Amino acid sequence: MSPKDPVIAYIFTTFPKSTETFLQREVTGLQALGVNLRLYSMWGGGGEFNGLKVTRFPKWRLLSLVVWLPWLVVCRTGVFVQLIRGVCTRRPPSGLNFFENLLGLGFGLVFAAHFRRERPAHIHAVWGGGPATAAWLLWRLDGHPYSGAGHAYDLYQRGGDWWLREKLEPSMFIHTSTDMGRRTLLERGLADEKIHVIRRGLNTLPALKPLREERKRTPLRLLCVARLVPKKGFDHQFRVYAALKAAGVPFEARIAGEGPLLASLQTHARELGIVSDVTFLGHLSQADVAAQRSWADVLLHTGVIAADGDRDGLPNVIPEAMSAGVLVVTSPAAATTEAITDGVTGRVVDVTDSEGWVKALVALRDDDAGSERMQMAARAWVEANFDAQKNAGRIAALYKEATKSP
């Protein structure tokens, strides 16, 4: 890339982050296309990624707000009044969302002089929480053109982000990665023409592995890659394991991921009598997850809508499994059915129907021809919809349009 190319400033909550590899793939794809990126991380992260410096927000600089807040009151009174009105007329959905928005405001005020001095052609807020707050404030202060994003966390947990519509309304465009996300943004009152559904993607596609012939896929090798949190529906998944055991279907289950539910899930496994059948692997590197996909026959996703409204969009683990030839059985919650069509690219079973899951899994074990058709169809879906380079090209085209000289 040339130093003269328009600079696109990316504002992340945390970057790089091991559990958000999809964002690293997006950056890598844009780099390969020559997009001139400048990266900012508001909370942790920092350092370097693929040769790019990641500017981390040092929290001690928040002390300078004793200067910047009076400046905002005196010199940008209209912005200050708008912020105060927003705080007084809304109730944040959670303390975390309130904190994220405050962090975004702090970043915007502290870095305003930096953005004036090293003015980018465009700012992109990777999330609709703190990053979008920072981008909105930088626009209000100095007219920086910006775009934003609306993904599952921004849209659904405890009703979604506090100020999402107001922050995204003035943006040049909005990126979401699912049709479900697009519908929700429309319901929030955002303009149809601004919303672009551009999926995540894989930088490289693995070789498509054949069905395992060893002992006719017995015991059935089951894999789940997920954080141990309520929206993953592990209580239902464990009932599926118990139903498999009761039906006399031999299986081995491995769960890759960590989270606050670990202890309760271990207890639940003991209560259901499946301790010897389920292995908790903890957090794994991407290479180790790929090794588990090589082992697995089927990926299970038992996602639900959690009590606080949180849910997945289309978890990246599903297309990753589809690309490698791992068969997928999923619940129909959220956007999973945008990739998995029942009987075509995988199986879709109601999360409460344990017997239905048993039947689907036994069919995948026993029906070679049907399983091979699903493998091929799943891989074709990934090639058409989940290529990081192609999808980065669509994002790059939006930046090119946004930075065109009038």
- Enter the accessible area of PHE49 (Å², nearest 10), with the probe set to 1.4 Å and all protein chains included. 30 Å²
- Provide the net charge surrounding GLY45, with neighbours chosen by a C-beta distance below 12 Å and charges set as Lys +1, Arg +1, Asp -1, Glu -1. +1
- Task: Ratio to report: Rg/Rh of the stretch 263-406, with Cα atoms as the point set and Rh obtained by the Kirkwood method; give two decimals.
- Result: 1.05
- Item | Degrees between helix 286-295 axis and first principal axis of the chain (Cα, 0 to 90, nearest 10) | 20 degrees
- Item | Where only C-alpha atoms are counted, convex hull volume of the stretch 1-140 per residue in Å³ | 115 Å³
- In Å³ per residue, the alpha-carbon convex hull of the stretch 201-320 encloses 112 Å³
- Message: Could you put CYS75, CYS224 in order of accessible surface area, largest first, with the 1.4 Å probe and the full protein assembly present?
- Response: CYS75, CYS224
- Task: Run down the aspartates and glutamates and flag those whose C-alpha is under 13 Å from the C-alpha of LYS400, throwing out any fewer than 8 positions away in its chain.
- Result: ASP5
- Query: Ignoring ligands, DNA and RNA, how do ARG140, ARG117, ARG227 rank by accessible area with a 1.4 Å probe, largest first?
  - Reply: ARG117, ARG227, ARG140
- Item | Charge sum, other residues only, whose C-beta stays under 12 Å from ALA207's C-beta, Lys/Arg counted +1 and Asp/Glu -1 | +3
- Message: So, for the chain, what is the accessible surface per residue at a probe of 1.4 Å, expressed in square angstrom?
- Response: 42 Å²
- Sequence order, the stretch 320-335: Karplus ³J(HN,Hα) from phi using 6.51 cos²θ - 1.76 cosθ + 1.60, θ = phi - 60°, Hz rounded, Gly and Pro as x, gives 4, 5, 4, 5, 8, x, 7, 5, 10, 10, 9, 6, x, 5, 6, 9
- For the chain, with all protein chains present and a 1.4 Å probe, just round the carbon and sulfur fraction of the accessible area to a whole percent. 55 percent
- Note on the structure: Residues meeting the amide H criterion for TYR146 (H placed from the backbone, H to H distance under 5 Å, 5 or more places apart or on another chain) are ILE123, MET172
- Message: As an exercise, find the ratio Rg/Rh for the stretch 42-111 from alpha-carbon atoms, using the Kirkwood inverse-distance average for Rh.
- Response: 1.05
- Message: Just to be sure I understand, if you calculate Rg/Rh (Cα atoms, Kirkwood Rh) for this structure, which of (i) 1.23; (ii) 0.96; (iii) 1.01 do you get?
- Response: (iii)
- Task: Using a 1.4 Å probe and counting only protein heavy atoms, arrange TRP60, TRP127 so the residue with the most accessible area comes first.
- Result: TRP60, TRP127
- Item | DSSP bridge pairs, the chain: antiparallel proportion in percent, nearest 5 | 10 percent
- Above-threshold pairs, the threshold being 28 Å between Cα atoms, out of LYS17/LYS390; LYS17/LYS59; LYS17/LYS359; LYS17/LYS231: LYS17/LYS359
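The values are calculated or read from the model by the stated rules, or taken from the named source; none is laboratory data. Everything numeric here is computed off the predicted structure, so don't read it as measured data. Methodologically, a virtual Cβ is constructed for each residue, glycine included, from the backbone with ideal geometry; neighbour enumeration extends over all protein chains shown. Accessible surface is based on the protein model in full, side chains and every heavy atom, while ligands, DNA and RNA are left aside. Shrake-Rupley method; radii C 1.70, N 1.55, O 1.52, S 1.80 Å.
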